[in-house]
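J.: Okay, here's the structure, questions in a sec.
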Amino acid sequence: MIQRIQTVYFFLAALCASTVFFITVYTVTLVPAGGFIPPITMHYDLSIEDAIKNLQGLVCMIAVLVPLAAIFLYKNRRLQIRLGWVALIISCVALALLAIQYIDIALKAPGNEAEIVPGAGLFIPIVGIIFLILAIRGVKKDEALVRSADRIR
């Protein structure tokens, strides 16, 4: 199980998906007009409690759990491929929800009064999607190898 490279890819994909809960997704700095009040900085990051409260957190939590579940299904490669595709779709949806929220905040921010800076939490899930693609390729190669060995018998 551990010696297969797709196991490492699934684990790294789950790790990348979980970074949303620990790293800042974006930072909003509000500069009030007049200059008398100091700027207000807000960091947006998901917490584990958000996974229970809202859809975005729930989708991000599922994006972490599905690749972890796929690791332990190494004997059933077809199901592992399906779970890989499901994890890929869920990760894309989670990334889209984060991007939509970022764009929504950027559009609602008044002119020069707000500065919105994307954080690493907005980009690391993209790396997780790449790891999922690599994991699916690895499982498919294993399946092809097993089928070719069955043909020889």
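J.: Would you kindly work out the equivalent ellipsoid of the range 66-153 from its C-alpha gyration tensor and give its semi-axes, the square roots of five times the eigenvalues, largest first in whole Å?
T.: One finds semi-axes of 41, 10, 9 Å for the range 66-153.
J.: Around Ala114, which amide H atoms from residues at least 5 apart in sequence, or from another chain, sit under 5 Å from its own amide H, with H modelled in the peptide plane?
T.: Here Val31 satisfy the definition.
J.: Here is a follow-up. Could you name the lysines whose alpha carbon sits less than 30 Å from that of Lys108, not counting residues in the same chain fewer than 8 places away?
T.: Once the sequence-local lysines are set aside, what remains near Lys108 is Lys53.
J.: Moving to a separate point now. Order these peptides, 63-70, 138-145, by their mean beta-carbon neighbour count within 10 angstrom, highest first.
T.: Highest-to-lowest ranking by the protection proxy: 63-70, 138-145.
J.: Going by amide H atoms built from the backbone, whose H comes under 5 Å of the H on Tyr26, apart from near neighbours?
T.: Tyr44, Gly119
J.: Next question. Using only the heavy atoms of the protein chains and a 1.4 Å probe, how would Leu132, Leu30 rank by accessible area, largest first?
T.: So, going from the largest accessible area down, we get Leu30, Leu132.
J.: By a straight-distance test (C-alpha under 18 Å), which lysines pair with Lys140 as possible cross-link partners, with residues fewer than eight away in the same chain excluded?
T.: Lys75
The values are calculated or read from the model by the stated rules, or taken from the named source; none is laboratory data. Predicted model, so just to flag it, every value in this text is computed and none were measured. Glycine also receives a Cβ, built like all others from the backbone with ideal geometry; neighbour counts cover every protein chain displayed. These accessible areas exclude ligands, DNA and RNA; they are computed on the full protein's heavy atoms, side chains included. Shrake-Rupley method; radii C 1.70, N 1.55, O 1.52, S 1.80 Å.
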